[in-house]
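The values are calculated or read from the model by the stated rules, or taken from the named source; none is laboratory data. Small disclaimer: the values here were computed from a predicted structure and weren't measured. Heads up: the accessible areas ignore ligands, DNA and RNA and are worked out on the full protein's heavy atoms, side chains in. Shrake-Rupley method; radii C 1.70, N 1.55, O 1.52, S 1.80 Å.
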Amino acid sequence: MPQTDHESRSLPREVARDLRPGSGHYLAYVGPPRQYDFMGATQFRLLTALGLREHHRVLDFGCGSLRAGRLLIPYLMPGHYHGIEPNKWLVEDAIENQVGADMVRIKQPRFDDNAEFRCDVFGTDFDFIVAQSIFSHTLRDLAVRGLRNFRTALAPGGLVACTFVDAAPSPPPANVSADGWVYPDCVGFAKDEVAGMFADAGLVGMRLPWFHPRQAWYLAATEATHLPCEEELRLLDGAVLRDPEFAASVHPR
């Protein structure tokens with residue numbers, strides 16, 4: 001019998017790892033539960049490769065169950081991690097099971113649960129904004145709205161790291177508005193469409209070679225000079241060694 005949301009949420013970690021993505025457990029609701037550790041680690045690795053240091057301010061947009069947050073919160077200075085997640089239970093379960101109340105007391109992460117893509121709720125600008133698997137579930141207009149809000153929240157020289165499904169354009173599901181969500185379905189965008197969304201939001205961007213098992217990483221900034229040069233891009237591959245599950249990461253892409 002399929003687990004109900006309540007039943008799924010209360011499952012022990014060892015059992016929850018076998019749930020289907022999207023199930024009502026903090027490990028599974030945000031994606032494949034057996035990749036919960038990897039998807040957090042790869043975001044942390046990417047940000048530090050891009051120059052993240054403890055004094056920077058980070059916005060984890062759609063932070064979910066703190067896959068990246070559980071690594072960023074201990075790393076950053078107190079009050080420098082900011083997470084936006086409309087599903088408050090995901091953050092609560094992650095704090096209880098991954099981060100701990102003592103870490104929250106020491107590091108003072110800040111959270112907001114607005115669902116309007118607002119990034120001005122913390123009254124600060126950000127050196128890094130990360131949005132992993134957000135725009136894979138939005139149609140174009142909503143993605144552009146989010147990117148515009150990112151632009152206004154960037155500190156000078158700040159960077160946006162976000163993912164898109166790197167594919168040919170996908171028609172929206174039936175009965176979905178032109179600027180809505182398609183979750184749990186995904187929407188693909190061609191590379192030039194992503195570039196057009198960045199331009200409409202007042203950003204410049206590029207596709208990164210950083211490995212993602214299902215999507216593609218993009219980097220955006222207010223000025224092209226803030227983006228990596230061609231030689232630096234070659235260093236941003238995100239390869240994972242000695243793990244057959246991610247063997248594709250070590251092949252030329």
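Considering the range 178-253 at the alpha-carbon level, its Rg and Dmax are found to be 14.8, 43 Å. The relative contact order of the chain comes to 13 percent, based on Cα pairs under 8 Å that sit 6 or more residues apart.
Kyte-Doolittle mean at least -1.0 and Cα extent at least 18 Å along the axis: which DSSP H helices of the chain qualify? Answer set is 36-49, 140-153.
Expressed as a whole percent, the accessible area of the chain that falls on carbon and sulfur atoms is 51 (1.4 Å probe). With helices as the sole contributors, the chain gives -7500 deg cm²/dmol at 222 nm; each DSSP H run of n ≥ 4 counts as -39500 (n - 2.57), and the sum is divided by every residue. Across the range 82-93, rounded Karplus estimates of 3J(HN,Hα) from the backbone phi angles (6.51 cos²θ - 1.76 cosθ + 1.60, θ = phi - 60°) give 10, x, 10, 7, x, 8, 4, 5, 5, 5, 4, 5 Hz, Gly and Pro being marked x. Under Stokes-Einstein, with the Kirkwood radius over Cα pairs as Rh, the value for the range 30-171 at 4 °C and 1.567 mPa s is 85 µm²/s. Could you provide, to the nearest whole Å², the per residue accessible area of the range 1-88 with probe 1.4 Å? Using a 1.4 Å probe on heavy atoms only, each residue of the range 1-88 averages 45 Å². Anisotropy class assigned to the chain is rounded, per the alpha carbon gyration tensor with a/c under the 1.5 cut-off. Using θ = phi - 60° in the Karplus curve 6.51 cos²θ - 1.76 cosθ + 1.60, the 3J(HN,Hα) couplings for the range 113-128 round to 10, 5, 10, 9, 6, 6, 10, 9, 6, 9, x, 8, 9, 10, 6, 9 Hz; x is entered for Gly and Pro. Measuring how big the range 79-149 is from its alpha-carbon positions, Rg and Dmax come out at 13.4, 40 Å.
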